[in-house]
1. Can you tell me which residue is surrounded by the fewest Cβ atoms within 10 Å (Cβ to Cβ) among those in the stretch 35-65 that are within 14 Å of the ligand (Cβ to nearest atom) and more than 10 Å from the chain's Cα centre (by Cα)?
2. For the stretch 135-171, which positions are acidic (Asp, Glu) and either surrounded by 14 or more Cβ atoms within 10 Å (Cβ to Cβ) or not assigned by TED's automatic domain parsing to the domain that holds TRP120 (or both)?
3. Check LEU81, LEU77, LEU69 and return the single one that is more than 16 Å from the ligand (Cβ to nearest atom), under 21 Å from HIS179 (Cα atoms), in contact (Cβ under 8 Å) with a residue 12 or more places away in the chain and assigned by TED's automatic domain parsing to the domain that holds GLN177.
4. Residues HIS98, HIS179: which one is touching a strand residue (DSSP E or B) at 6+ places or on another chain (Cβ under 7 Å), crowded, with 16+ Cβ neighbours inside 10 Å and over 24 Å from TYR207 (Cβ atoms)?
5. Out of all the residues in the stretch 66-84, which are within 16 Å of ASN123 (Cβ to Cβ) and either surrounded by 14 or more Cβ atoms within 10 Å (Cβ to Cβ) or in contact with a strand residue (DSSP E or B) (Cβ under 6 Å, 6 or more places away or on another chain) (or both)?
6. Any idea which of (1) of a type outside the set (Ser, Thr, Tyr); (2) surrounded by 11 or more Cβ atoms within 10 Å (Cβ to Cβ); (3) within 30 Å of SER164 (Cα to Cα) is the one HIS87 doesn't satisfy?
7. (1) in contact (Cβ under 8 Å) with a residue 24 or more places away in the chain; (2) surrounded by 12 or more Cβ atoms within 10 Å (Cβ to Cβ): which one isn't true of GLY188, the others all being true?
8. Residues ASP146, ASP112: which one is modelled with pLDDT of 95 or more and more than 15 Å from the ligand (Cβ to nearest atom)?
Amino acid sequence: MKPIEKLLLENKAWAHELEAEDPGYFKRLAKLQTPEFLWIGCSDSRVPADRITGTMPGEIFVHRNIANLVIHTDVNLLSVLDFAVNHLKVNHVIVCGHYGCGGVKAAMTNHDYKYVLNMWLRNIKDVYRLYSQELDAIDDEEKRADRLTELNVKEQVMHLAKTSIIQRAWKQERRPQLHGWVYGLKDGLIKPVFDMEANQSGIDPIYQYDDL
Ligand code: CO
């Protein structure tokens with residue numbers, strides 16, 4: 001059997017098993033989507049949002065890209081954020097990076113990855129520059145990459161807080177809470193590294209909208 005055919009076969013087995021365990025499961029789920037969480041994670045195949053958090057379909061709304069970046073001109077990400085915050089009314093937005101992230105490691109090199117990848121990785125290089133004093137002081141390359149991964153998650157959470165989508169929801173409904181997490185490929189554990197409550201004061205004044 002070809003690997004692609006195995007996927008479809010496995011899917012059938014999974015659906016039958018779930019339906020047998022809980023009759024009517026899919027019919028009920030098809031009618032309603034009320035996730036409590038928006039997950040912004042890395043595209044890395046080793047970091048599946050639902051598996052590592054023990055959640056089921058319907059519980060997490062997911063957006064993934066290389067190195068879990070929140071870029072204020074990314075229409076894809078902003079659409080997901082807008083829909084999750086204003087229509088699904090999620091109470092938590094989680095940015096989850098992971099140690100050993102290829103995107104973070106690539107951004108730390110001076111290698112030309114050509115065109116679009118250079119453009120994408122630039123955003124991580126900007127985070128490095130912001131914290132270069134702290135990062136340059138770390139001799140061990142892996143530890144430096146780990147720290148950049150944590151700082152990158154923190155910066156992406158701050159980027160969320162700079163959007164009018166988040167600031168308006170904070171002002172009107174005191175939600176969502178923002179969370180920065182880092183997942184460990186080596187132990188399967190998530191480390192919380194940064195949190196933001198519904199409060200504009202955590203971001204630089206120039207980003208604070210005062211007429212929402
Ligand atoms: Co990654």
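The values are calculated or read from the model by the stated rules, or taken from the named source; none is laboratory data. Quick caveat, the model's predicted, so the values are computed rather than measured. FYI the Cβ positions are ideal-geometry reconstructions off the backbone, even for glycines, and counts take in every protein chain you see.
1. SER45
2. Taking the stretch 135-171 first, the residues acidic (Asp, Glu) are 136, 139-142, 146, 150, 155.
If the condition is that a residue be acidic (Asp, Glu) and either surrounded by 14 or more Cβ atoms within 10 Å (Cβ to Cβ) or not assigned by TED's automatic domain parsing to the domain that holds TRP120 (or both), then ASP146, GLU150, GLU155 are the ones that fit.
3. Criteria check complete, one pass: LEU81.
4. Exactly one residue qualifies, and that residue is HIS98.
5. Restricting attention to the stretch 66-84, the residues satisfying the condition of being within 16 Å of ASN123 (Cβ to Cβ) are 66-78.
Those that are within 16 Å of ASN123 (Cβ to Cβ) and either surrounded by 14 or more Cβ atoms within 10 Å (Cβ to Cβ) or in contact with a strand residue (DSSP E or B) (Cβ under 6 Å, 6 or more places away or on another chain) (or both): ILE66, ALA67, ASN68, LEU69, VAL70, ILE71, ASP74, LEU77, LEU78.
6. (2)
7. (2)
8. Being modelled with pLDDT of 95 or more and more than 15 Å from the ligand (Cβ to nearest atom) holds for just one of ASP146, ASP112, which is ASP112.
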